[in-house]
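K.L.:
Can you keep this structure in mind? I'll have questions shortly.
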Amino acid sequence: MSDQAHASPLTEKGHRAYLLRKLHSLSGVVPVGGFMLFHLWTNAKATGGQEPFDAAVRDISHIPFVTAVEFGVILLPLAFHMLYGIVLALNGKPNVGKYTYSRNWMYTLQRLSGLIAAVFIVLHLKDYWWPKMAGTMEPSQFYPTLCANMSATTKRSEERRVGKECRLTC
């Protein structure tokens, strides 16, 4: 018998962890990484004002089967990458306390930054994508909402500024 007859397929239980880790890596590079670059490029149009940003959003809305693309090419790989990454982060055993090698720090910081990114992405989807899908936010509202969320003159900083002015004049 040849060696190939005795080789076990990747789908067997013993190879499942290996396959999941490879899919996790691949999903982080291709769909998630590609989308992130596209997303940053598109949102950079906001630096030119509302008109260029709204034009970019209109262009995206004209992609054929945009909802299917969002789910199949972006959300499903993102969900897999995020959820399996959380499993890996929670099951990992950091040992930077015992061994302070740079690779151990990179291992720990990679998992920590992944957890922080996961929280940010969920909150970002809650603020923009879910309202769009629910029909409670029109694409023309993205720019004003983005400006309000990114502005240094939010209500809290405005309250602090007014409080400082009051202390200076009172």
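K.L.:
For the structure I just gave you, tell me whether G114 is assigned to a helix (DSSP H, G or I) and either in contact with a helix residue (DSSP H, G or I) (Cβ under 8 Å, 6 or more places away or on another chain) or at pLDDT below 95 (or both).
P.N.:
For G114, the condition - assigned to a helix (DSSP H, G or I) and either in contact with a helix residue (DSSP H, G or I) (Cβ under 8 Å, 6 or more places away or on another chain) or at pLDDT below 95 (or both) - is met.
K.L.:
Can you tell me which condition T42 does not meet? The list is (1) polar (S, T, N, Q); (2) under 24 Å from A134 (Cα atoms); (3) touching a residue at least 40 places away in the same chain (Cβ under 8 Å), and all the others hold.
P.N.:
(3)
K.L.:
Does any residue in segment 134-145 that is at pLDDT below 90 and among the aliphatic types (A, V, I, L, M) come within less than 9 Å, Cβ to Cβ, of a residue that is assigned to a helix (DSSP H, G or I) and surrounded by 13 or more Cβ atoms within 10 Å (Cβ to Cβ) six or more places away or on a different chain, and which pairs are these?
P.N.:
Filtered contacts from segment 134-145: no entries.
The values are calculated or read from the model by the stated rules, or taken from the named source; none is laboratory data. No experiment lies behind these values; they were computed from the predicted model shown. Because the Cβ atoms are built from the backbone with ideal geometry, glycine has one as well, and the counts that use them run over all protein chains shown.
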